[in-house]
Every structure is written in structure tokens, then in C-alpha cells.
Amino acid sequence: LVNQVVSHLVQAIRSKDGSFSNIERLSAGSYYERVKISEPNEFDIMLVITVARLQLEESDDTGAYYYLSLKRSPQEKYLLKFLDEDGKLSAFKMLQALREIIKQEVKNIKNVEVTVTRKKAGSPAITLKIKNPPSEISVDIILTLKVQHSWPPSTREGLKIEQWLGTKVRRDFRSRPIYLVAKQNKREKVLRGNTWRLSFSHIEKAMMNNHGNSKTCCESDGPKCCRKGCLKLLKYLLEQLKMKYAKELEKFCSYHVKTAIFHSCVMWPNDTDWHLGDLDHCFQKCLGYFVDCLQKSQLPHFFIPQYNLLSLEDKANNHFLSRQISHQLNNRFPIFQD
């Protein structure tokens, strides 16, 4: 159902507007990394525009958010109309244009009911709801730029996978293009909608799908590990706690948990550290690490170590979550029994 809707939209977007004629789809997120939990009812689809050259300028000290401007005499003349008064490429303008095309086009999709939900402030996604009785499926369409540009300096110390996946794999990852998503930087005093955030979901997907220290980990004839099992359990635990304490935990998302698992894979790099039969022990180790991060309000982004995903302003919420997890851990996870 999702593929049918997205294929229809991609074709329509390409034919409608010169600006988006080279758009490609890239599937990202948990469903495609095979770590989706509960229902397959949420999908992330990145719609990618390839741009030859862009200038990147850091928009703050996180190293994750950038202003983009075109180089002199750009090949992409169609992007000129999306520049703001300072000559920066406006994520807001591009998202708006894409959103308009999609809003018009969903009306032409036959035999399935699709609606575009109301815009959420600062969200990089255009969210579609697909009716699929008795429930509905939510699809986040994320506008993404793909640029053949070396990775920015803020990523130099990140992706510490040498012991885990090897130096060669790290080198290969870092030679891939960079992706930027239309994401508002909340720290800006004036929200002008012209910041873009680095995205590594293509690398995360590759790491998830080839996660072993040895090449045969989890292959049909290879030994099985519990790395993905730990991630799924952690995600499920967070999801259940979020349902119970929506207000206190609204800032947390599965990306926090995924980052904690990547750091755990680096701390325990060998497949022997993750025997399938040791799932309970490994899960507790990962949880211990995550609780430690929450108590310190310090969880470095896996690719941009200077970027802390847990802000100190949210100390009270970080401590709240750490207490809830510790309670679950010490009482044999009553929330799983519910």
C-alpha cells in the first residue's frame, strides 16, 4: 500500500515541477532496518534531490545544523527560486513547494484514501495518513538533499567503528555523499526555516544490516547475535513508558535508543559479546549504559560527538526516564507483563 502511494507521488512530483524532476526515493528508518516493533504502521521515506555543489556553513556549535548556499554559477538554476533574502537555500520554501504538489496529487490516487496531515512547526516531514481499515498507516516524507561533499569537520571524531566494523568500512562510509534534511534548528532565536541538518540514516541502515564484527554474523549459515534484539527491546521499553508518561517523556524518541545501541556496539565490539543466548544479559548492559547517559544528561551523537542529544535543560526529564528504567530493571520489567 505504501509503495503504491509513494510511487504514484514520486512520478507526479517529477513531472510537475522542474525543481523536483530528479527526485529519488530512499527508504529509511526502523522498518527498513528490520528493527520495527509492534505494528508496521509507520514508515519514513526520504525524497532525495541530488545537488552537485553546495557551500555549507555551520549554523551553531552542535556541528549538526547548516546554512546552505549555492556556489557561483550553479548547475541547479531551478534552486534559485528557493533562496531567501540572504542567499541561503530555504528549507521552508522547498518544503512548502513539495507539500503543495503532494496535497494536490493525493486527490488523484485511486482506490486508496490518502490525506496530508496538518503541518507541525519545525518538523522536517510531510506526513501522509493512508486509510487501511481498521487502522491507518502514517508515512513521513522527508525532503533530503544529497551532496557530493566531504563530510564536515564536526564528524571527524565520530563513527568510532574501527574495532567493531573495521577501518576499511569506516573509510568506505566516509567516502559516501552527505545527506541533509530540511530540519529547523530550534536553538535559533529567529526561526526562519533556512537550516538543514545532517542525516546519516543511509549509514545507519548499512550498519544495522551488516552489524557483525565477523562478516557472517546473523547470515543464514552464520552465528546469530542479539544486537537487533536489544535495540527492539529498548525501543519497546521506551515506547511503553512514553505511553504511560506522555508529558514527561515527550522529548525522547527511538533515535536516542538507537544511538545508545551504536555506542554499546563500539564498547563491546566482538560478536562473542552479543551471543543470541545472552539477550537478557546484553539488554541489561545496554540499559545500564543508557541510564548512565541519562543521569549525566550526556549522549553524544554517534557521528557528531560534540552534539549532545540530551540537553542539560531537560535534566529533570532525563532523570525521570532514568528512574523509570531503573525501576523496570530492578523489578523484572513489569511494563512488559502488562
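Please report the projected area of segment 153-253's Cα convex hull averaged over all directions, in nm². Intermediate results must be reported in sequence, preceding the final value.
Details: hull surface 37.5 nm².
With the hull built on Cα positions only, its mean projection is 9.4 nm².
Below 15 Å, Cα to Cα, which aspartates and glutamates can residue 93 reach? Residues fewer than 8 away in the same chain don't count.
Of all the aspartates and glutamates, those that pass the test against residue 93 - Cα under 15 Å, at least 8 places apart if same chain - are 17, 84, 85.
Of 160/224; 71/232; 215/247; 215/251; 119/296, which sit over 32 Å apart, Cα to Cα? All intermediate terms of the calculation are to be shown ahead of the outcome.
On the way: 160/224 23 Å; 71/232 43 Å; 215/247 43 Å; 215/251 36 Å; 119/296 34 Å.
With Cα atoms farther than 32 Å apart: 71/232; 215/247; 215/251; 119/296.
Rounded to the nearest 500, what is the 222 nm mean residue ellipticity of the chain from helices alone, with -39500 (n - 2.57) per DSSP H run of 4+ residues and division by all residues?
Working: 9 runs with 117 residues, N = 338.
Mean residue ellipticity at 222 nm (helix-derived): -11000 deg cm²/dmol.
Find how many whole Å separate the alpha carbon centroid of segment 39-64 from the alpha carbon centroid of segment 226-258.
Spelled out, the Cα-based centre of one part sits 23 Å from the other.
Please report, as a whole percent, how much of the solvent-accessible surface of segment 1-200 comes from carbon and sulfur atoms (probe radius 1.4 Å).
Details: 4870 of 10140 Å².
Of all accessible area on segment 1-200, carbon and sulfur atoms account for 48 percent.
Skip the ligands, DNA and RNA, and give the accessible area per residue of segment 213-336 with a 1.4 Å probe, whole Å².
Numbers: 6080 Å² over 124 residues.
That works out to 49 Å² per residue.
Solvent-accessible area per residue for segment 1-200 at a 1.4 Å probe radius, Å²?
On the way: 10140 Å² over 200 residues.
Averaged over the residues of segment 1-200, the accessible area is 51 Å².
Rounded to two decimals, what is the ratio between the C-alpha radius of gyration of segment 184-239 and 2.2 N^0.38 Å? Before the final figure, lay out the partial values.
Numbers: Rg = 17.8 Å, N = 56, 2.2 N^0.38 = 10.2 Å.
This ratio for segment 184-239 stands at 1.75.
Compare the peptides 296-306, 78-88 by average per-residue count of other Cβ atoms within 10 angstrom and give them in order, highest first.
Values: 296-306: 19.2, 78-88: 14.7.
Taking the mean over residues of other Cβ atoms within 10 Å, the ranking is 296-306, 78-88.
What are the semi-axes of the equivalent ellipsoid of segment 1-200, taken as the square roots of 5 times the eigenvalues of the Cα gyration tensor, listed largest first and rounded to whole Å? Could the numbers behind the result be given before it?
Numbers: eigenvalues 160, 105, 51 Å².
The answer is 28, 23, 16 Å, longest axis first.
Can you give the angle from 0 to 90° between the axis of helix 279-296 and the longest principal axis of the chain, with both taken from C-alpha atoms, to the nearest 10?
Approximately 70 degrees, to the nearest 10.
Rounded to the nearest whole Å³, what is the per residue volume of the convex hull around the Cα atoms of the chain?
Values: hull volume 51.9 nm³, N = 338.
With only Cα atoms used, the chain gives 154 Å³ per residue.
Taking only Cα atoms, what is the 0 to 90° angle, nearest 10, from helix 254-267's long axis to the longest principal axis of the chain?
60 degrees
Can you list the HN-Hα couplings for segment 156-172, worked out from phi with the Karplus curve (6.51, -1.76, 1.60; θ = phi - 60°), rounded to whole Hz and with x for Gly and Pro?
These are the phi-based 3J(HN,Hα) values: 4, 8, x, 6, 7, 9, 3, 6, 8, 9, x, 5, 5, 5, 4, 4, 5 Hz.
Would you work out which of 326, 311, 94 lies farthest towards the positive end of the dipole of the chain? Charges go on Cβ: Lys and Arg +1, Asp and Glu -1.
After comparing all options, I get 94.
Projecting each Cα onto the charge dipole of the chain (Lys/Arg +1, Asp/Glu -1 at the beta carbon, about the Cα centre), which of 222, 48, 80 comes out farthest on the positive side?
With unit charges placed on the Cβ atoms, the residue in question is 80.
When the chain is modelled as a GNM with alpha-carbon springs shorter than 10 Å, which of 254, 27, 220 fluctuates the most?
Among 254, 27, 220, the largest mean-square fluctuation in the Gaussian network model of the chain belongs to 220.
How far is helix 91-105 tilted off the main Cα axis of the chain, in degrees rounded to 10, range 0 to 90?
That works out to roughly 80 degrees.
Convex hull over the Cα atoms of segment 213-336, averaged projected area in nm²? Mind showing how you got there, number by number?
Numbers: hull surface 31.5 nm².
With every direction weighted equally, the projected area is 7.9 nm².
The values are calculated or read from the model by the stated rules, or taken from the named source; none is laboratory data. It should be emphasised that the depicted structure is a prediction, and the values quoted were computed from it without experimental measurement. Here the Cβ is made from the backbone with ideal geometry for all residues, glycine too, and neighbour counts use every protein chain on show. In case anyone asks, the SASA skips ligands and DNA or RNA and just uses the protein heavy atoms, side chains included. Shrake-Rupley method; radii C 1.70, N 1.55, O 1.52, S 1.80 Å.
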